[in-house]
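Trainee: Handing you this structure, nothing more for now.
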Amino acid sequence: MPSPDLRIDMHAHYYGGGLVETLERRTSRPYLRMREDGSRMMVAMNGEFPFTPQYHDYRVGLDEMRAAGLTHRMLTFPGALGVDLLPASEISEAISMFNDHLAELYETTDGALIGLAGLPLADMSLACEELLRVRRDLGLPGIILPSDYFNSIEDADEMRPLLAAAQEFGCHIMLHPGLKVGAEPPPRPKDHVQYRLSAVDLQSSASQVALTVILSDMLDAYPDVSFQVVNLGGTLPFIFERIESIARHRNPDDPFPTDRLRQLWYDCASLGPRALEAAVKLLGADRIMLGSDYPIFKDDPYAHALEPADLSADDKQQIAWKTAQDLFERLKALRTARL
């Protein structure tokens, strides 16, 4: 029987595994630049930030994770950075090496660090091949994809070959904020950029992504693919009643399929107890997981969001570890059955 003290962080990012060297050689976004004081800055699509060891040294992150009481963490390829959007001839080898490194981390940390792979998205054929290698050969649970591919059903149709490949061995897909190949970052707001982009716009984007998945045929066409929508599904826990009202008054013969929201998985990254309470009422604790968004945010999601939430002890255990563990066991069974 698993220990009730398990705490699994299902939303964190990692820039190691050879990506540092790749980004140091670049001179256009994304790239690393050295400041006069010897520190490094990551020059990303929407600005730059200090590139501290938490981003690229797994040992630092592992120590901080354990100090916070977290027992496991899912590290993802840094999807929002845009590395996976670069020409495949330039980046595919580096991405494959990173994915190999994630598989090695799982072994060297006794399963404490679990990796979500990246793909060379500029070449769909190569991306599909790498996805199959990730699941079949490396045994990683899945991949991270830029959520801009899921802003509409038409956008998502571009991912059909990849979703078909994901179905072969079963696959977990985190839909994380990020651009499509060839797209430019949207215009920056005129003021309060961090709040408008990283909170209001991001939460709205997460809601759009969830809508695309549940209102399309993806859940039916790819039943062995699990979709993780970040940040508790964005604004959905707070606006779903308005959505239902719109359907009831304008499309009375076509009610909004609220129940399909419970066919997705969600993390609580960067959010708090009040948001978590609302999400549990709509989505159910068995679809929600801890998430930190480390190292961008460094709060312990258990202490910051889950522990103070007005939820039952069973719901707290479910969110702390059981939802994630059940998901991993499902993915392992799918892969094993098809090898």
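Trainee: Under 8 Å between Cβ atoms, at least 6 apart or on separate chains: pull out the pairs that start in the range 26-44 with a residue that is assigned to a loop (DSSP other than H, G, I, E, B) and end on any residue that is β-branched (Val, Ile, Thr).
Mentor: Sorted first by the residue in the range 26-44, then by its partner, the pairs are Arg29/Val43; Pro30/Val43; Pro30/Val83.
Trainee: Only one of Asp220, Asp191 is open to solvent by less than 80 Å² (accessible area, probe 1.4 Å) and of a type in the set (D, E, K, R). Can you tell me which? Give the steps one after another, and end with the answer.
Mentor: Working: Asp220 fails: open to solvent by less than 80 Å² (accessible area, probe 1.4 Å).
Residue meeting the stated conditions: Asp191.
Trainee: Here's another thing I want to ask about it. If Ala67 satisfies all but one of (1) more than 22 Å from the chain's Cα centre (by Cα); (2) open to solvent by 20 Å² or more (accessible area, probe 1.4 Å); (3) over 24 Å from Asp299 (Cα atoms), what's the number of the condition it fails?
Mentor: Condition not satisfied by Ala67: (3).
Trainee: Being open to solvent by 10 Å² or more (accessible area, probe 1.4 Å) and assigned to a helix (DSSP H, G or I) is the filter; apply it to the range 150-164 and report the residue that is nearest to Leu327 (Cα to Cα).
Mentor: Filtering the range 150-164 down to residues open to solvent by 10 Å² or more (accessible area, probe 1.4 Å) leaves 151-155, 157-158, 160-161, 164.
If we keep only those that are assigned to a helix (DSSP H, G or I) as well, we get 153-155, 157, 160-161, 164.
Working: Ile153: 25, Glu154: 28, Asp155: 27, Asp157: 25, Arg160: 23, Pro161: 23, Ala164: 20 Å.
If we take residues in the range 150-164 being open to solvent by 10 Å² or more (accessible area, probe 1.4 Å) and assigned to a helix (DSSP H, G or I), then Ala164 is nearest to Leu327 (Cα to Cα).
Trainee: Now a separate question. Given the conditions (1) farther than 14 Å from His101 by Cα; (2) not in a loop (DSSP other than H, G, I, E, B), which single one is not true for Leu121?
Mentor: Looking at each condition in turn, Leu121 falls short on (2).
Trainee: I've got another one for you. Give the range 214-240 a look and list any residue that's in contact (Cβ under 8 Å) with a residue 60 or more places away in the chain and assigned to a strand (DSSP E or B), or say none.
Mentor: Val225, Ser226, Gln228
Trainee: Within the range 179-223, which residues are under 20 Å from the mean Cα position of the chain (by Cα) and of a type in the set (Lys, Arg)?
Mentor: Lys180
Trainee: Just to be sure I understand, how many residues within the range 67-99 are within 30 Å of Cys268 (Cβ to Cβ) and touching a residue at least 24 places away in the same chain (Cβ under 8 Å)?
Mentor: 21
Trainee: Now a separate question. Residues to consider are Leu132, Leu138; find the one that is surrounded by fewer than 20 Cβ atoms within 10 Å (Cβ to Cβ), touching a helix residue (DSSP H, G or I) at 6+ places or on another chain (Cβ under 6 Å) and part of a loop (DSSP other than H, G, I, E, B).
Mentor: Leu138
Trainee: Here's something else I'd like to know. Within the range 283-290, is even one residue touching a helix residue (DSSP H, G or I) at 6+ places or on another chain (Cβ under 6 Å) and of a type in the set (Asp, Glu)?
Mentor: Yes, that holds for at least one residue.
Trainee: Which of (1) hydroxyl-bearing (Ser, Thr, Tyr); (2) open to solvent by less than 10 Å² (accessible area, probe 1.4 Å); (3) over 24 Å from Asp326 (Cβ atoms) is the odd one out, the single condition Thr235 does not satisfy?
Mentor: Failing condition for Thr235: (2).
Trainee: Now a separate question. Considering the range 70-80 alone, what residues qualify as being open to solvent by less than 30 Å² (accessible area, probe 1.4 Å) and modelled with pLDDT of 95 or more? Quick ask: steps written out before the conclusion?
Mentor: The first filter runs over the range 70-80 and keeps only residues open to solvent by less than 30 Å² (accessible area, probe 1.4 Å), leaving 70, 73-79.
Within the range 70-80, Leu70, Arg73, Met74, Leu75, Thr76, Phe77, Pro78 qualify.
Trainee: Of the numbered conditions (1) loosely packed, with under 13 Cβ neighbours inside 10 Å; (2) over 17 Å from Ser152 (Cβ atoms), Pro186 satisfies every one except a single condition; which is it?
Mentor: All conditions pass for Pro186, except number (2).
The values are calculated or read from the model by the stated rules, or taken from the named source; none is laboratory data. None of these values were measured; they are calculated from a predicted model. We place every Cβ from the backbone using ideal geometry, glycine too, and count neighbours over all the protein chains shown. Each accessible area value is taken on the protein alone, full model and side chains, heavy atoms only, with ligands, DNA and RNA left out. Shrake-Rupley method; radii C 1.70, N 1.55, O 1.52, S 1.80 Å.
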